[in-house]
Amino acid sequence: MVLRTNIDAKILIQLLYQMKRIRAVEETIAERYNEWKMRCPTHLCTGQEAVSAGVCAVLRKDDFVVSTHRAHGHYLAKGGDLKRMIAEIYGKAAGCSSGKGGSMHLIDKSVGFMGSTSIVGGTIPVGTGLGFSILLNGTDQISCVFFGDGATEEGVFYESINFAILKKLPVLYICENNLYSVYSPLCVRQPAERSISKMVSSLGIASDSGDGNDATEVYTKVINAVEHIRQGKGPFLLEFATYRWREHCGPNFDNDIGYRTEEEYLCWKKKDPIMLLENEMKNRDVFNPGEVQRVDSLIESEVHEAFSFAESSPFPSQDEAFIQLFKE
């Protein structure tokens, strides 16, 4: 980790809060999933929190974000309502998608989180279209599109990038490269010597890459990319290397089934983004144990309240089954 002394201590505690909050939510989902009250598939982002926190710390409330099947961290870091997210995962009427979407279909337009989808690459053209709407409306917003390395193998990825370059759209593409598409490692899907960020630069889009477990590096690189976009210079793609700790879909660990090794997992766990940021704060002498304890207590209370709210909320009624499926 590179020590970045120019980042304000308040930003560091904000990044720490967001990452710890996301981690607490994901781990509570994992702990309680086998109670059989959450009946939707869930894709947890434990281990990948730095990308969500670092990116959304730079974005404004009126900037747009679209996301993937692994959307919890993006939704929360953008300011999405925690209680409504957990209620959605429980299938309750108070959920952010009225109990119809589940874990993979989250939305909170009040903070610019315009939706997530279970379709790999499905929100890339949506986010690009949001960028086009910004251009037509003449505002200085940004559309931020989160996706994984697997989505770069979908045709719509290249179609969207091409259109964004052609129209100089204000779109920030964030590739969370966690090395696997379900159980298929990147090395058997794409040439080993070719990085995603360098590949797209040949198309004409500005791009960069970085350590997706280093929250301050993510934050710094996103500041540069956002400045580029807001100056009207066109889209920007950032590729961040990171790693999910738990199985592709579900609450368990799966290092025993053969597609990755325990040694690889432990190597990445030593790069725990929360631990790395805490160490950086200590090196900068801005780690305040009392403040961190206050953050931990706040998060514990927020998570407890969210799950209590979800459990006590009613399910949708049968006559609500076919409403709010489309824009009305």
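The values are calculated or read from the model by the stated rules, or taken from the named source; none is laboratory data. Keep in mind it's a predicted model, so treat the numbers as computed, not measured. Don't worry about glycine lacking a Cβ; one is built from the backbone with ideal geometry, like all the others, and counts go over all protein chains shown.
Contact map, the stretch 206-232: first residue in contact (Cβ under 8 Å) with a residue 60 or more places away in the chain, second residue surrounded by fewer than 17 Cβ atoms within 10 Å (Cβ to Cβ) and not charged (D, E, K, R), Cβ cut-off under 6 Å, separation 6 or more or different chains; pairs are ASP214/MET1.
Restricting attention to the stretch 11-42, the residues being under 25 Å from VAL182 (Cβ atoms), crowded, with 22+ Cβ neighbours inside 10 Å and in contact with a Gly (Cβ under 7 Å, 6 or more places away or on another chain) number 1.
Exactly one residue out of THR46, THR68, THR28 is polar (S, T, N, Q), out of contact with any Ser or Thr (no Cβ under 7 Å at 6 or more places or on another chain) and over 19 Å from SER308 (Cβ atoms): that is THR46.
Could you check the stretch 293-328 and list, in sequence order, the residues that are at pLDDT 95 or above and of a type in the set (Val, Ile, Thr)? Residues satisfying the conditions are VAL295, ILE299, VAL303. In the set (1) of a type in the set (D, E, K, R); (2) within 26 Å of ARG84 (Cα to Cα); (3) within 25 Å of the chain's Cα centre (by Cα), the condition left unmet by GLU320 is number (3).
Set side by side, the residues ALA87, ALA94 differ, and just one is surrounded by fewer than 21 Cβ atoms within 10 Å (Cβ to Cβ), of a type in the set (A, V, I, L, M, F, W, C) and in contact (Cβ under 8 Å) with a residue 60 or more places away in the chain, which is ALA94. The residues of the stretch 100-129 include none that are closer than 15 Å to SER317 by Cα and buried (at least 23 other Cβ atoms within 10 Å of the Cβ).
Could you list all residues from the stretch 162-179 that are surrounded by fewer than 19 Cβ atoms within 10 Å (Cβ to Cβ) and not basic (Lys, Arg)? Hits for the stretch 162-179 are ASN162, PHE163, ILE165, LEU166, LEU179. Applying the criterion of being farther than 16 Å from ASP149 by Cα and of a type in the set (A, V, I, L, M) to the residues of the stretch 199-217, the residue that is surrounded by the fewest Cβ atoms within 10 Å (Cβ to Cβ) is LEU203. In summary, LEU186 fulfils each of the numbered conditions (1) more than 21 Å from the chain's Cα centre (by Cα); (2) over 30 Å from ARG32 (Cβ atoms); (3) not charged (D, E, K, R) with the single exception of condition (1). The residues in the stretch 283-317 that are within 25 Å of ARG84 (Cβ to Cβ), loosely packed, with under 12 Cβ neighbours inside 10 Å and among the polar types (S, T, N, Q) can be counted, and the count is 4.
Within the stretch 277-289, identify whether any single residue is within 25 Å of the chain's Cα centre (by Cα) and under 24 Å from GLU31 (Cβ atoms), and answer yes or no.
yes
Sort out which residues of the stretch 218-230 are touching a Lys or Arg at 6+ places or on another chain (Cβ under 9 Å) and crowded, with 22+ Cβ neighbours inside 10 Å, and write them in order of number. Answer for the stretch 218-230, where residues must be touching a Lys or Arg at 6+ places or on another chain (Cβ under 9 Å) and crowded, with 22+ Cβ neighbours inside 10 Å: just TYR219.
Please specify each residue of the stretch 258-278 satisfying the condition of being surrounded by fewer than 14 Cβ atoms within 10 Å (Cβ to Cβ), of a type outside the set (Phe, Trp, Tyr) and in contact (Cβ under 8 Å) with a residue 60 or more places away in the chain.
LYS269 - this is the single residue of the stretch 258-278 that is surrounded by fewer than 14 Cβ atoms within 10 Å (Cβ to Cβ), of a type outside the set (Phe, Trp, Tyr) and in contact (Cβ under 8 Å) with a residue 60 or more places away in the chain.
When residues in the stretch 75-130 are screened for being among the small types (Gly, Ala, Ser) and over 17 Å from the mean Cα position of the chain (by Cα), 11 of them pass.
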